[in-house]
Amino acid sequence: MKGDKRFISPIMTNSESVWNLGSNAYSKPTVALNILRETIMGRELFDYAYKEYAQRWMFKHPTPADFFRTMEDASGVDLDWFWRGWFYTTDHCDISMEKVTWYQPNTQNPEIEKALEKKEADEKVAITDIRNKKLADQTYLSNNPEAIDFYSTYDKYKVTEADRKQYDKYLSSLSDEEKDMVNSNYNFYQIDFKNIGGLVMPLILKFDFTDGTEEILRIPAEIWRKNNEEVSKVFMFEKEVKQITLDPYLETADTEMENNFWPEKQVPSRFQLYKSRYGRGGFSGSNPMQEAKKE
């Protein structure tokens, strides 16, 4: 499905004109209908609609369009986007997580926020700070105490009475619901998705949390209805996310897994030295049944 578009035909192509008949006329429809049953509709609804199709068109000559219409009519599910993408185009599924942005609410509480600012500042150590620290006893101020002024001892991370009054004023402007949200310490993750392959599909996400638990969220394909190239969605959790995986159970035939992880995860691939076209490690032209008979 991710091959050279010059040698790929839509499923809805006359068999005399189709390129790569095995892949485009047999393998791809099989994958499409399996995804439709397992992921899009669910087994129970798919089986009900499929049996209805068999009953309606028993001893008749249905066309593919009759199958498409019956599956939608019997299930009550709009599948136009699915038939169009899988059967009438050469698009493939390759959806990537382009960017993940992690947000936490700013409580405006100086006791909390200034402590966080100080912690972040302490973690950002520049080479200049490292070298100056070794010369702390050689500075002008260390040898001339009379030069010390307000800014020499000023601590911008110290909570003042003015900070507390400003925070109290801010709290008085919030409703009880807004106060709960501000103090919830929730984690917000904005994920930007990109449809590289052109085929819109549901977004199946697995979130692994730092406490060892996990959660699966399924976003229907309708998320692409206003923009089939890029889309963003925000997820809110009480716990901190350690790993995000797109299509964790390989349900959507995504052709590139390297862009399905956050943080980025390298997917290994194996290669072997190719000494000869035939023989050990090469292609002998026999199938597994023939090989088994030789043993």
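The values are calculated or read from the model by the stated rules, or taken from the named source; none is laboratory data. Given the structure is predicted, the values throughout are model-derived calculations rather than measurements. Note that we place each Cβ from the backbone using ideal geometry, even for glycine, and neighbour counts take in every protein chain shown. Protein only, heavy atoms only, side chains kept; ligands, DNA and RNA dropped before computing areas. Shrake-Rupley method; radii C 1.70, N 1.55, O 1.52, S 1.80 Å.
Looking only at residues that are in contact (Cβ under 8 Å) with a residue 24 or more places away in the chain and part of a loop (DSSP other than H, G, I, E, B) in region 1-52, which one is farthest from GLY198 (Cα to Cα)?
MET12
State yes or no: is MET289 assigned to a helix (DSSP H, G or I), modelled with pLDDT of 80 or more and open to solvent by 70 Å² or more (accessible area, probe 1.4 Å)?
yes
Checking the condition under 25 Å from the mean Cα position of the chain (by Cα), modelled with pLDDT of 95 or more and under 26 Å from ASN106 (Cβ atoms), which residue from TRP262, TRP224 passes?
Answer to the selection: TRP262.
Can you find, within region 7-57, the residue that is nearest to VAL200 (Cα to Cα) among those that are of a type in the set (Gly, Ala, Ser), open to solvent by less than 50 Å² (accessible area, probe 1.4 Å) and at pLDDT below 95?
That would be SER9.
Checking the condition more than 30 Å from GLU98 (Cα to Cα) and free of Cβ contacts under 8 Å to residues at least 24 places away in the same chain, which residue from LYS158, LYS165, LYS226 passes? Full working, then the answer.
Values: LYS158 fails: free of Cβ contacts under 8 Å to residues at least 24 places away in the same chain; LYS226 fails: more than 30 Å from GLU98 (Cα to Cα).
One residue alone meets the criteria, LYS165.
Among the residues of region 164-186, write down those that are assigned to a helix (DSSP H, G or I) and not basic (Lys, Arg).
GLN166, TYR167, ASP168, TYR170, LEU171, SER172, ASP176, GLU177, GLU178, ASP180, MET181, VAL182
Do the conditions hold for THR213, that is, is it surrounded by fewer than 11 Cβ atoms within 10 Å (Cβ to Cβ) and either polar (S, T, N, Q) or more than 30 Å from TYR186 (Cβ to Cβ) (or both)? I'd like the intermediate steps shown before the answer.
Details: surrounded by fewer than 11 Cβ atoms within 10 Å (Cβ to Cβ): yes; either polar (S, T, N, Q) or more than 30 Å from TYR186 (Cβ to Cβ) (or both): yes.
Criteria met by THR213.
Starting from region 96-119, keep only residues that are in contact (Cβ under 8 Å) with a residue 24 or more places away in the chain, then list their pairs with residues that are of a type in the set (Phe, Trp, Tyr) and in a helix (DSSP H, G or I) whose Cβ atoms are within a distance under 7 Å, requiring at least 6 positions of separation or different chains.
Qualifying pairs under 7 Å: GLN108/TYR167; GLN108/TYR170; ASN109/TYR167; PRO110/TYR167.
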